[in-house]
Amino acid sequence: MDNRAPWIITLVLMTTVNSTHALGDTSFNVIASFSVIKDLVKRVAGDSINITTIVPTGEDVHRWELQPPNALAVEEADIVFYNGYGLEPWIRHIEAMANDSLTLIALAESANYETLAIPVGHYKDSTDPHMWMDPKGAAAYVDVIEKTLIEHYPEQADAFTTRADETREALAQLDHQLSERLEGIPHTNRMLTTSEASMAYFARAYDFEYAAIWGIGSETIGSAQAMEAMSMRLSQKRPPALFYESTSPYIHMDALARETELALAGPLYIDTLSDADGPAYNYPAMLRHNTELLHEYLGGARAEE
Ligand SMILES: [Zn+2]
């Protein structure tokens with residue numbers, strides 16, 4: 001390296017910084033419906049695109065009601081990335097206010113990934129929207145995000161593809177790590193029970209028998225019949241633990257745990273990430289946190305002793 005090289009690097013860096021600002025200023029604005037989708041979009045989009053989230057971290061994506069700042073964000077946006085398959089019932093209000101230049105992309109509905117049906121409740125047999133709970137499902141979202149961003153911002157195509165490749169690689173590694181960790185749970189303990197039926201894709205990916213009280217958080221939840229059915233099931237199966245989720249009401253699973261004298265663990269993070277200082281601060285952390293909770297409460301540690 002000759003003496004001029006540091007100056008050249010400095011110039012290149014300055015140019016990069018300036019052009020990044022310029023890109024930001026030309027308002028490349030996209031919207032993500034909730035925190036998990038924002039995390040995945042951000043991994044592919046990088047820093048040159050502004051990403052606004054509709055549902056704040058910690059709130060229930062199923063039951064969100066649009067606020068005035070959401071409407072303002074929609075006016076400024078080029079693309080809205082949402083999950084689809086009924087996860088966000090409020091998306092119809094965004095569709096109603098959208099102008100012709102706004103593109104709405106339902107990631108789950110566009111993804112090349114084998115879907116499952118909702119197993120219980122009012123929406124039984126409809127497509128289960130919670131595909132991101134399997135890293136392979138998240139990778140299928142990344143494919144759609146990459147394609148959509150390239151179509152809209154072709155001048156950044158190479159950068160999108162590079163980051164999408166890195167993200168797919170990281171998700172494949174994550175999948176492998178979770179699988180190895182969960183192998184520590186004995187087969188007879190591989191029973192996963194949650195309030196909302198939001199872990200079916202995770203259960204399929206990692207070989208768990210799965211049950212939930214209700215189908216999806218946007219329906220009327222915790223009916224007497226559903227509670228009775230779950231109580232009977234738990235009395236027969238006696239799983240090592242029951243699990244509650246960060247955005248579902250706690251009272252139903254707590255009541256079942258008391259009635260059946262089974263352990264209750266949580267929260268699992270599914271429909272939202274946590275705050276930055278919480279255990280599910282990004283997508284991989286969310287799945288690792290959930291995996292550690294299952295490992296601890298379903299006897300993974302005992303099996304390894
Ligand atoms: Zn949900």
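Every read-out reported here was derived from the displayed coordinates using simple, explicitly stated rules and does not represent laboratory data. Not measured: the values here are computed from a predicted model. Cβ: placed from backbone, ideal geometry, glycine included. Neighbour counts: every protein chain shown.
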Sorted by Cβ density within 10 Å, fewest first, the residues His152, His130: His152, His130
Length-normalised contact order for the chain - Cα pairs under 8 Å, 6+ apart - percent: 17 percent
Relative contact order (%) - criterion: Cα under 8 Å, at least six apart; region: region 183-304: 28 percent
Mean Kyte hydropathy of -0.5 or more with a Cα span along the axis of at least 24 Å, helices from DSSP in the chain: 5-25, 135-152
Asp47/His152 FRET efficiency (R0 22 Å; Cβ-Cβ; nearest 0.05): 0.85
Hull-based mean projected area of region 183-304, where the convex hull spans the alpha carbons, in square nanometres: 7.4 nm²
Highest-fluctuation residue, Leu287, Leu262, Leu87 considered, GNM on the chain with Cα pairs under 10 Å: Leu262
Asp271, Asp60, Asp165 arranged by Cβ crowding within 10 Å, fewest neighbours leading: Asp165, Asp60, Asp271
Simple spin-label estimate for Gln67 and Asp277 in nanometres, 7 Å along Cα-Cβ: 2.0 nm
Longest to shortest principal axis, alpha-carbon extents of the chain, angstrom: 72, 51, 32
Beta bridges by DSSP in region 11-178, antiparallel share as percent, to the nearest 5: 10 percent
Neighbour-count order for Glu109, Glu259, fewest beta carbons within 10 angstrom listed first: Glu259, Glu109
Mean-position separation - Cα centroids, region 60-92 and region 113-145, in angstrom: 19 Å
Quotient of Cα Rg and 2.2 N^0.38 Å for region 11-178, N being how many residues it contains: 1.08
DSSP-defined antiparallel bridges as percent of all bridges, the chain, nearest 5: 5 percent
Length added when fully stretched, Arg233-Met97, from 0.36 nm per residue minus Cα-Cα: 44.4 nm
